Amino acid sequence: MAGARDLEVHLRALVGGLAPGDELAPGLRLAEVTTECGPRLTFETAGTRVHVEVARLTEGRRSAVQTRRLALSYRFDEAVSADRRALGVAVCRAVAGAAASREEAVLAALARDAEMAEATGDEPGARVREVTVERLLERAEGGRYYTVTPYVGCLIGCKFCYAQSHVAETRALLGLAPAPWGSYVDVRINAPEVLAAELSTLPPAPIKFCAVVSDPYHAIERRQQLTRRMLLALRDAQVRAGVLVLTRSALIERDLDVLAAIANVWTGISIPTVDDAVRRHFEPRAASIPARLAALAACKAAGLRTFAMVQPLLPGPIAPLADALAEHAGSVRVDVLHGVEGATHEFADVRWAAAGSDAWQQEQAAALTAALVERGVSLWTGELPPGLG
């Protein structure tokens, strides 16, 4: 079957088979190609990294630039200014110019790969697939840290998760049957071995288990134990640059022995509300709020640095949430909902419909932030907590 690595080859073919370091245009070099959170070409120009996201052109899809078959969008590692927006569009146009004469051949090659996989008995609609990878650590923010994930696709399946549309696009380009978010996962069966090899060759930087693409402790981890084996690889390599693990699961308690043996490790729990009835409505397959708080307390008792992520904010009283976070979390990051994604039905419930609006999210974020400041809790923004990175 065409896997993520094959898709990377096809993405490079869109821009003439460029290899990292090659120029698409004067001063515009291809930095890397990734598919972990959707098909993406990353370019560097004048010290700035520009990520170009590649998707099929479909009705209603927003994009910066379109070709006959593809929609191209841009992202930056930093905040976007007017100058950056102009640069993003310019880079997308350069990619579109290169892809215009190649996209038909590339999309046809992807279709042939999917047909061949089906003919050889590799089920395109399989919900749990075992896959192998050639590389694992993904550079983020220009190499300031790495993201890593043993799985792609998450069986917790929070319907508001903003990764689902990006991961779904990768599946679509690979010819995989559509499936609801939360019902499929790619198991990277050789992830621990690949990670161990990369730790010996790549420059050191903090490593963040990417809980957006897949929670490292969702249900399949009980059987596969890839996260635990990867943590063992980090322990054995004596990684000191820092490791961050974020989860919605209490299963993290299983690995406290390994986590405690890794230098500069940060353990975090996502806690979007203190009301477990609300949690059951929005996150039915995630751990209960009491179980998450207990897991955070266990991490703290084991001597680990702890943090909590509140994203998105879900309905529930602010003061008790702030009290719980102040008791168990060494620091907190507060962020808002980035679109309802597949949770239209959940947010349509009249009891909690207001929570889907930007105004409600911003108001609650401000109220929680103020409550945490009153309690002396350390707050941070960005992708890494203070002291990591």
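The values are calculated or read from the model by the stated rules, or taken from the named source; none is laboratory data. Note that the coordinates shown come from a computational prediction; the quantities given were computed from them, not determined experimentally. Counting neighbours? That spans all protein chains shown, and the Cβs are built from the backbone with ideal geometry, glycine included. When the accessible area is computed, the model is the full protein with side chains, heavy atoms only, and any ligands, DNA or RNA have been set aside. Shrake-Rupley method; radii C 1.70, N 1.55, O 1.52, S 1.80 Å.
Structural remarks
- Accessible surface of the chain, 1.4 Å probe: 52 percent of it comes from carbon and sulfur atoms.
- In the chain, the DSSP beta bridges split such that about 50 percent are antiparallel, to the nearest 5.
- Dipole size of the stretch 1-109 about its Cα centre, with +1 on Lys/Arg Cβ and -1 on Asp/Glu Cβ: approximately 340 debye, rounded to the nearest 20.
- If you take the Cα centroid of the stretch 47-89 and the Cα centroid of the stretch 122-179, the two points sit 20 Å apart.
- With the highest mean first, a sort of the peptides 315-323, 15-23 on other beta-carbon atoms found within 10 angstrom per residue produces 315-323, 15-23.
- The stretch 339-376 and the stretch 243-280 have Cα centres spaced 22 Å apart.
- Nearest-ten-degree value, helix 318-328 long axis tilted from longest Cα axis of the chain: 90
- Only one residue of 21, 202, 150 has its Cα farthest out toward the positive end of the dipole of the chain, where Lys and Arg carry +1 and Asp and Glu -1 on Cβ, and that residue is 202.
- Taken about its Cα centre, the chain carries a charge dipole of about 160 debye when Lys and Arg each add +1 at the Cβ and Asp and Glu each add -1 at the Cβ.
- For the chain: accessible area per residue (Å², 1.4 Å): 42
- Surrounding net charge for residue 386, when Lys and Arg each add one and Asp and Glu each subtract one, Cβ distance under 15 Å: +3
- Loop-resident sites, the stretch 223-259, for trypsin sites (Lys or Arg not before Pro), counting at most 13 other Cβ within 10 Å (DSSP): 240
- Across the stretch 182-319 the C-alpha pair distances fall into 10 Å bins from zero in the proportions 11, 42, 33, 12, 2 percent.
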